[in-house]
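**Student:** My questions all concern the structure below.
The values are calculated or read from the model by the stated rules, or taken from the named source; none is laboratory data. Keep in mind that what you see is a predicted model, and the values were worked out from it rather than measured. As a convention, Cβ positions derive from the backbone with ideal geometry for all residues, glycine included, and neighbour counts pool all protein chains shown.
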Amino acid sequence: MTPGLYVVGTPIGNLEDLSPRAVQTLSGVEAILTEDTRHTRILLDRFGIKTPTVSCHKFNEASRVEGVVQRIKAGAAVALVTDSGMPAISDPGSRMVAACRRAGVAVTAVPGPTAVTTAVALSGFGGNGFVFAGFAPRKSGAMRRLLGELAECPVPVVLYESPYRVLKLLGEITVVLGDRPVCMARELTKKFEETRVGTALELIEAYKGRTVKGEIVVVVAPRVDRHEPEC
């Protein structure tokens, strides 16, 4: 393969979503940088990919950069993946990509699924773009400030949240944004995929007392009485 860094999207749930091009790339590179080697090995074994893996997560990415850059400059092709979805989208990878670009080595994307676009498509709120705000802040004050800053957006706002804090986020949405529609999507592409649309208060009632599993995507509908972008 041509030397360079290959940023490869991997399934967000259903392993069958790995593209033929991604299989070819992961099979052809010399090494795969991965957030969790054990997790990625499950995917690789499913497709008979024997390429060695190297851990590259948020705690050691900085220390990996120089060695990877030098390896590519010496003629290697290296892939970068995360546990699911596209690297560098609320996941490790940005530092590695930026370092490779500064060093003048080739960076190529092999696109794959992302929870962001999947949830927007399922919400029915999209069509004219969206704002992705990543993981919601943990503290109530910071969460309310963020929601306040995004309140006037004429496009949907997408947030990631853990199952342990999602009811808190929905509560803050109720306080700051009122009763506008919200889509809550979880376990996307998996056996127990679930998507619900309602006001934040309705979703709180629906999930109160339930054990919710899996990373959750929350899509907040835009203000319908605004026409000019303010975000």
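**Student:** Output the helices (runs of 4 or more DSSP H) that fall wholly within the range 132-231 and possess 1 or more residues being free of Cβ contacts under 8 Å to residues at least 24 places away in the same chain, or say none.
**Tutor:** It comes to 140-150, 200-207.
**Student:** Is it fair to say Lys190 is surrounded by fewer than 16 Cβ atoms within 10 Å (Cβ to Cβ), more than 19 Å from Phe135 (Cα to Cα) and within 24 Å of the chain's Cα centre (by Cα)?
**Tutor:** Against the criterion (surrounded by fewer than 16 Cβ atoms within 10 Å (Cβ to Cβ), more than 19 Å from Phe135 (Cα to Cα) and within 24 Å of the chain's Cα centre (by Cα)), Lys190 qualifies.
**Student:** Here is a further query. Considering only residues that are surrounded by fewer than 17 Cβ atoms within 10 Å (Cβ to Cβ) and among the charged types (D, E, K, R), which ones fall in the range 54-70?
**Tutor:** Lys58, Glu66
**Student:** Test Ala98 against the criterion of being within 23 Å of the chain's Cα centre (by Cα), within 28 Å of Gly134 (Cα to Cα), hydrophobic (A, V, I, L, M, F, W, C) and assigned by TED's automatic domain parsing to the domain that holds Arg186, and give yes or no.
**Tutor:** No; evaluated as a whole, the condition is false for this residue.
**Student:** Residues of the range 28-39 being touching a helix residue (DSSP H, G or I) at 6+ places or on another chain (Cβ under 9 Å) and over 10 Å from Val78 (Cα atoms), which ones?
**Tutor:** Correct list: Thr34 only.
**Student:** Check off (1) assigned by TED's automatic domain parsing to the domain that holds Thr10; (2) assigned to a loop (DSSP other than H, G, I, E, B); (3) out of contact with any Leu (no Cβ under 7 Å at 6 or more places or on another chain) for Asn128 and give me the number that stays unchecked.
**Tutor:** (1)
**Student:** Can you name the condition, by its number, that Met143 falls short on among (1) outside the structural domain of Ser55 (by TED's automatic domain parsing); (2) surrounded by fewer than 18 Cβ atoms within 10 Å (Cβ to Cβ)?
**Tutor:** Checking Met143 against (1) outside the structural domain of Ser55 (by TED's automatic domain parsing); (2) surrounded by fewer than 18 Cβ atoms within 10 Å (Cβ to Cβ), the one that fails is (2).
**Student:** Same structure again: The conditions are (1) more than 19 Å from the chain's Cα centre (by Cα); (2) farther than 15 Å from Ser123 by Cβ; (3) modelled with pLDDT of 95 or more, and Ile173 fails exactly one of them. Which is it?
**Tutor:** If we test Ile173 against (1) more than 19 Å from the chain's Cα centre (by Cα); (2) farther than 15 Å from Ser123 by Cβ; (3) modelled with pLDDT of 95 or more, just (2) comes out false.
**Student:** Hey, could you check the range 119-139 for residues that are exposed (fewer than 13 other Cβ atoms within 10 Å of the Cβ) and over 17 Å from the mean Cα position of the chain (by Cα) and say which is nearest to Pro87 (Cα to Cα)?
**Tutor:** Arg138
**Student:** Right, next: Just wondering, is there one or more residues in the range 101-113 that are in contact (Cβ under 8 Å) with a residue 12 or more places away in the chain and basic (Lys, Arg)?
**Tutor:** Within the range 101-113, not a single residue is in contact (Cβ under 8 Å) with a residue 12 or more places away in the chain and basic (Lys, Arg).
**Student:** So, in the range 1-33, of the ones that are buried (at least 17 other Cβ atoms within 10 Å of the Cβ), in contact with a Pro (Cβ under 9 Å, 6 or more places away or on another chain) and free of Cβ contacts under 8 Å to residues at least 60 places away in the same chain, which residue ends up nearest to Ala185 (Cα to Cα)?
**Tutor:** Looking at the filtered set, the residue picked out is Ile32.
**Student:** Here's something else I'd like to know. What number of residues within the range 75-89 satisfy the criterion of being crowded, with 18+ Cβ neighbours inside 10 Å and on the phi > 0 side of the Ramachandran plot?
**Tutor:** Number satisfying all stated conditions: 1.
**Student:** So which of Ala79, Ala62 ends up being farther than 24 Å from Val116 by Cα and of a type in the set (A, V, I, L, M, F, W, C)?
**Tutor:** Only one candidate passes the filter, namely Ala62.
Quick grid of which residues meet (1) under 16 Å from Ser55 (Cβ atoms); (2) of a type in the set (Val, Ile, Thr):
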{"residue": "Met1", "(1), (2)": "no, no"}
{"residue": "Tyr6", "(1), (2)": "no, no"}
{"residue": "Leu15", "(1), (2)": "no, no"}
{"residue": "Leu18", "(1), (2)": "no, no"}
{"residue": "Arg21", "(1), (2)": "no, no"}
{"residue": "Gln24", "(1), (2)": "no, no"}
{"residue": "Ile32", "(1), (2)": "yes, yes"}
{"residue": "Arg38", "(1), (2)": "yes, no"}
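**Student:** Could you tell me whether the range 161-168 includes any residue that is farther than 21 Å from Arg210 by Cβ and surrounded by fewer than 18 Cβ atoms within 10 Å (Cβ to Cβ)?
**Tutor:** Taking every residue of the range 161-168 in turn, none turns out to be farther than 21 Å from Arg210 by Cβ and surrounded by fewer than 18 Cβ atoms within 10 Å (Cβ to Cβ).
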